[in-house]
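Accompanying notes for the structure given below.
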Amino acid sequence: MSTLPPPATAQARPGPAGLIFLGFWALCAVALAAYLLSRWDAALMARYTPVYLSGLWTTVSLVAISFALGALLSVPIAIGRRSSNPIARGTSFAYVSFFRGTPLIAQIFLVYYGFGSFRAAFEAVNLWWFFREAWYCAIFAISLNTAAYQAEILRGAVESVPRGQWEGGRSLGLPTPVILARIVFPQAMIVALRPYANEIILLVKASAIVAIITVFDLMGETRRAFGRTFDFQTYLWAAILYLALVETLRHATNFVERRITRHTQR
């Protein structure tokens, strides 16, 4: 006779190590809250809260636009990675290898400072207005970078779909675009959801680099606030805002995952 598994609540109880871990982070949170309350400056908060919110909106806009453009660019790159054409496959492989193998800050510097050497050429084709602005350069560089990562995420997700799904669609006489849109992509997106969410979170944290090229995102505004006040808590508030943004993304991912995997839960 088979036995029933133990209740899920009994399995979910944290052990001694888990309790110590939770206690450590609770202690850190209490210590941080006590420090911020002891250093609370109403005038400072009234002055810099709008600035922080403006920088936070810049960060969110930068990440959202770059991720969306990278997603569009990742589709042909992922197709090229799976192509039987050696030129398309080699070009896509070189693109992914370069942007995944070099630091993002080097790529941003290459675009912002390096492209300035070709100012005459860009002026001739009326593109200098784009590359002379730090904001556009940041979006351009980050979009190219995230496209390489998203292409690998998309390629891996599509390849995770069993071959029988493709064969089943072909046996019904469906064209390849319909098979991709109705059969393969819905299954692939379940696999790709977590990697995509991780990529967005990494972009949120990596976007702080653009403050170096005078884009006043959250980190850029924080640097300006610290330069005027020399108060260390300016960086603590920035860290709290970054953490809140990341946690919001994490909980949103959990919610979407629960919704799209309802059919797999008993």
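Quick notes
- Options Ala188, Ala181, Ala208; residue that is in a helix (DSSP H, G or I), under 23 Å from the mean Cα position of the chain (by Cα) and more than 30 Å from Thr234 (Cα to Cα): Ala188
- Filter result for Ala192 (without any contact (Cβ under 8 Å) to a residue 12 or more places away in the chain and of a type outside the set (Phe, Trp, Tyr)): no
- Criterion: at pLDDT 90 or above and closer than 26 Å to Trp135 by Cβ - qualifying residue of Glu247, Glu199: Glu199
- Candidates in the stretch 153-189 are the residues that are surrounded by fewer than 17 Cβ atoms within 10 Å (Cβ to Cβ) and touching a helix residue (DSSP H, G or I) at 6+ places or on another chain (Cβ under 6 Å); of these, the one that is nearest to Ser92 (Cα to Cα) is Ser160.
- Criterion violated by Leu174 - all others in (1) among the aliphatic types (A, V, I, L, M); (2) touching a Gly at 6+ places or on another chain (Cβ under 6 Å); (3) not in a helix (DSSP H, G or I) satisfied: (2)
- Residue that is farthest from Asp217 (Cα to Cα) [pool: residues in the stretch 1-49 that are outside any loop (DSSP other than H, G, I, E, B), among the hydroxyl-bearing types (Ser, Thr, Tyr) and modelled with pLDDT under 75]: Thr9
- Helices (runs of 4 or more DSSP H) completely within the stretch 62-167 that count 2 or more residues being under 20 Å from Val184 (Cβ atoms) and not hydrophobic (A, V, I, L, M, F, W, C): 86-101, 134-160
- Yes/no for Gln165 being of a type in the set (S, T, N, Q), without any contact (Cβ under 8 Å) to a residue 40 or more places away in the chain and either in contact with a Lys or Arg (Cβ under 9 Å, 6 or more places away or on another chain) or within 15 Å of Val215 (Cβ to Cβ) (or both): no
- Checking every residue in the stretch 43-61 against the condition of being surrounded by 16 or more Cβ atoms within 10 Å (Cβ to Cβ) and closer than 16 Å to Ser143 by Cα gives at least one match.
The values are calculated or read from the model by the stated rules, or taken from the named source; none is laboratory data. Fair warning: this is a prediction, and the values are worked out from it, not measured in the lab. In this analysis, Cβ positions are derived from the backbone assuming ideal geometry, glycine residues included, and neighbour counts consider all displayed protein chains.
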